[in-house]
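As structure tokens, the structure follows; a few thoughts come after it.
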Amino acid sequence: MKLTYQPFELQLKHTFTIAKFSRTSTPIMLLKIAHEGFIGYGEASMVPYMGESLQSANEFLSKVDVAQFKYPFDFAEIISYLDSLAPDNPAIKAGIDIALHDLDGKLQQKPCWQILGSDPAKMPLTSFTIGIDTREMMSRKVKEAPACKIIKVKLGRDSDKELIKTIRSVTNLPLFVDANQGWTNLEQSLDMCHWLHERGVLLIEQPMLKTDLDSNAWLTERSPIPIIGDESIQRLPDVEKAKGVYHGINIKLMKSAGMYEAHQMILKARELGLSLMIGCMSETSCATLAGIALAPQCDWADLDGPFLTSNNPYKMPDFKDGKWVLGKENGLGISPL
């Protein structure tokens, strides 16, 4: 078994701004794991505010001994091994996990979604994200959007109502909103929930600081719209903490250290009665396909990475009627250009 990897700078079509950060590109590590004539493709997307970098990825990968990965893969044992090498670093661990899942599907000669028990008929609509920007640029982004049937709007500033009014001036599509921990006043936040509900917003991601469980729980109890934990929900142990604080959780492979733990989080969330969203960072088709394989097990999807980038090194997955389409290819169905 052989592991190879290379850095890649994923360029965004437009400057992407959320409540507290802004960027024009995202450092990516592209991975390959070769075994018995097959290659598994993986990806680590390291958005700067999550604390990982190409340097940290290189340092971590230098510690990885691929001889540990015996086939058939024991993914629980593999993630335990990766966690033993260093704490945190979930994105680069996800890159390894995704590559191994892709490889596993090819070795089994089955699609990953089938191995994971997903039902193509249950694929949810995916949203298209509009970052914080000028009124003119936000209107332009909506008009440039692909054939998505849900728009996701980044909020978290004093201009939130103006941003929604701008979006509503150019589309009547249902909305997701994401405050990215930008709200601070409880009464104002509750008023905002009711105002957004009247304007067709279906859910709100991470309104208050991820560490402020009491405020998030207070808002969840009173909001007419589902409140979804995002930054506060990273890996499997966090799912238990979400009950009573949020209506649901947003799982991202770059937070969960990959597909195996994301699937375990889905199972745990269902057990606890939590709603589920599967999201993404700025990603190529590689990590997006990994998320797509699990998406039918979730209520909502925000898997728009390839739509927001300009130099995707892989073929775009099939997309129809606002939904990603699960293919019949073995593994994840990744096709390098």
Compute the helix-to-body angle for 135-144: its Cα long axis versus the longest principal axis of the chain, expressed 0 to 90° and rounded to tens.
50 degrees
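Counting heavy atoms of the protein chains only and a 1.4 Å probe, report the per residue accessible area for the stretch 83-229 as a whole number of Å².
Numbers: 6140 Å² over 147 residues.
Roughly 42 Å² per residue, with all protein chains present.
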Starting with the highest mean, order 184-192, 214-222 by the number of other Cβ atoms within 10 Å, averaged over the residues of each peptide.
214-222, 184-192
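Any idea what the alpha-carbon Rg over 2.2 N^0.38 Å comes to for the stretch 244-337?
On the way: Rg = 13.5 Å, N = 94, 2.2 N^0.38 = 12.4 Å.
In units of the globular-protein estimate, the stretch 244-337 measures up at 1.09.
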Which of the aspartates and glutamates could a cross-linker span from LYS63 if the Cα-Cα distance has to be under 20 Å and same-chain partners fewer than 8 positions apart are dropped?
GLU43, GLU52, ASP74, GLU77, ASP83, ASP88, ASP97
Set of aspartates and glutamates with alpha-carbon distance to LYS141 below 18 Å, sequence-local pairs under 8 removed
ASP133, ASP160, GLU162, ASP178, ASP302, ASP304
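In whole percent, what relative contact order does the chain give with Cα contacts below 8 Å and a gap of six or more residues? Show your work: numbers first, answer last.
On the way: 753 pairs, mean separation 69.3, N = 337.
Once divided by the residue count of the chain, the mean separation gives 21 percent.
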Each residue of the stretch 108-114 in turn: what ³J(HN,Hα) in whole Hz from Karplus with 6.51, -1.76, 1.60 and θ = phi - 60°, glycine and Pro shown as x?
7, 6, 9, x, 4, 4, 5
Longest principal axis of the chain (C-alpha) makes with the long axis of helix 285-294 (C-alpha) an angle, in degrees to the nearest 10, of 80 degrees
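Does the stretch 287-337 come out rounded, prolate or oblate, given a ≥ b ≥ c as the square roots of the eigenvalues of its C-alpha gyration tensor, rounded meaning a/c under 1.5 and, failing that, prolate meaning a/b above b/c? Display every interim value, and only then the final one.
Values: a/c = 1.79, a/b = 1.22, b/c = 1.48.
Since a/c reaches 1.5 but b/c is at least a/b, the shape of the stretch 287-337 is classed as oblate.
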Can you list, largest first and rounded to whole Å, the semi-axes you get for the stretch 172-252 by taking the square root of 5 times each eigenvalue of its Cα gyration tensor?
20, 14, 10
Step through the residues of the stretch 322-332 one at a time and calculate ³J(HN,Hα) from phi using the Karplus curve (6.51 cos²θ - 1.76 cosθ + 1.60, θ = phi - 60°), rounding each to whole Hz and writing x for Gly and Pro.
x, 10, 6, 10, 6, x, 9, 5, 5, x, 8
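Could you tell me whether the stretch 33-137 comes out rounded, prolate or oblate from its Cα gyration tensor? Rule is a ≥ b ≥ c as square roots of the eigenvalues, rounded for a/c under 1.5, then prolate if a/b exceeds b/c, otherwise oblate. Spell out each step's value before the answer.
Numbers: a/c = 2.42, a/b = 1.22, b/c = 1.98.
Verdict is oblate for the stretch 33-137.
When only DSSP loop residues count, what GluC sites (Glu not before Pro) in the stretch 1-81 have their Cβ near at most 11 other Cβ atoms within 10 Å? Display every interim value, and only then the final one.
Details: sites: GLU9, GLU36, GLU43, GLU52, GLU59, GLU77; in loops: GLU36, GLU52.
Sparse-neighbourhood loop GluC sites (Glu not before Pro): GLU36.
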Residue-wise HN-Hα coupling along the stretch 88-102, computed from phi with Karplus coefficients 6.51, -1.76, 1.60 (Hz; x: Gly, Pro):
6, 6, x, 5, 6, 5, 4, x, 5, 4, 4, 4, 5, 5, 4
Please determine, in degrees from 0 to 90 and to the nearest 10, the orientation of helix 186-197 with respect to the longest principal axis defined by the Cα atoms of the chain, where the helix direction is its Cα long axis.
80 degrees
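Please report, as a whole percent, how much of the solvent-accessible surface of the chain comes from carbon and sulfur atoms (probe radius 1.4 Å).
Details: 6860 of 13770 Å².
Of the solvent-accessible surface of the chain, carbon and sulfur hold 50 percent.
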Taking H placed 1.01 Å from N in the peptide plane, check which residues at least 5 places from GLU205 or on another chain put their amide H under 5 Å from its amide H.
VAL177, ASP178, ALA179, ILE228
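Would you mind getting the accessible area per residue of the stretch 27-73, heavy atoms of the protein chains only, 1.4 Å probe, in Å²?
Working: 2160 Å² over 47 residues.
In whole numbers, the stretch 27-73 has 46 Å² accessible per residue.
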For the chain, with a Gaussian network of springs between Cα atoms less than 10 Å apart, report the residue from SER232, SER127, SER169 with the top mean-square fluctuation.
SER169
If each part is reduced to its alpha-carbon centroid, the stretch 167-239 and the stretch 286-337 end up apart, in Å, by 26 Å
Taking square-rooted eigenvalues a ≥ b ≥ c of the alpha carbon gyration tensor, is the chain rounded, prolate or oblate, where a/c under 1.5 means rounded and, failing that, a/b exceeding b/c means prolate?
prolate
Amide H of ILE278: which non-local residues (sequence gap of 5 or more, or other chain) have their own amide H closer than 5 Å, using H built in the peptide plane?
ILE251, TRP300, ALA301, ASP302
Non-local Lys pairs in the stretch 204-334, i.e. 8 or more apart or on different chains, that have alpha carbons under 21 Å apart:
17
Once TYR49, TYR246 are ranked on solvent-accessible area with the largest value leading and a 1.4 Å probe, the list reads TYR49, TYR246
For LYS268, what accessible area in Å² do you get when you roll a 1.4 Å probe over the heavy atoms of the protein chains, rounding to the nearest 10?
50 Å²
In whole Å, what is the distance between the alpha-carbon centres of the stretch 66-84 and the stretch 134-150?
42 Å
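The values are calculated or read from the model by the stated rules, or taken from the named source; none is laboratory data. Everything quoted here is computed from the prediction, not taken from an experiment. Note that each Cβ is placed from the backbone with ideal geometry, even for glycine, and that neighbours are counted across all protein chains shown. Just so you know, the surface numbers come from the protein's heavy atoms only, side chains and all, with ligands and any DNA or RNA stripped out. Shrake-Rupley method; radii C 1.70, N 1.55, O 1.52, S 1.80 Å.
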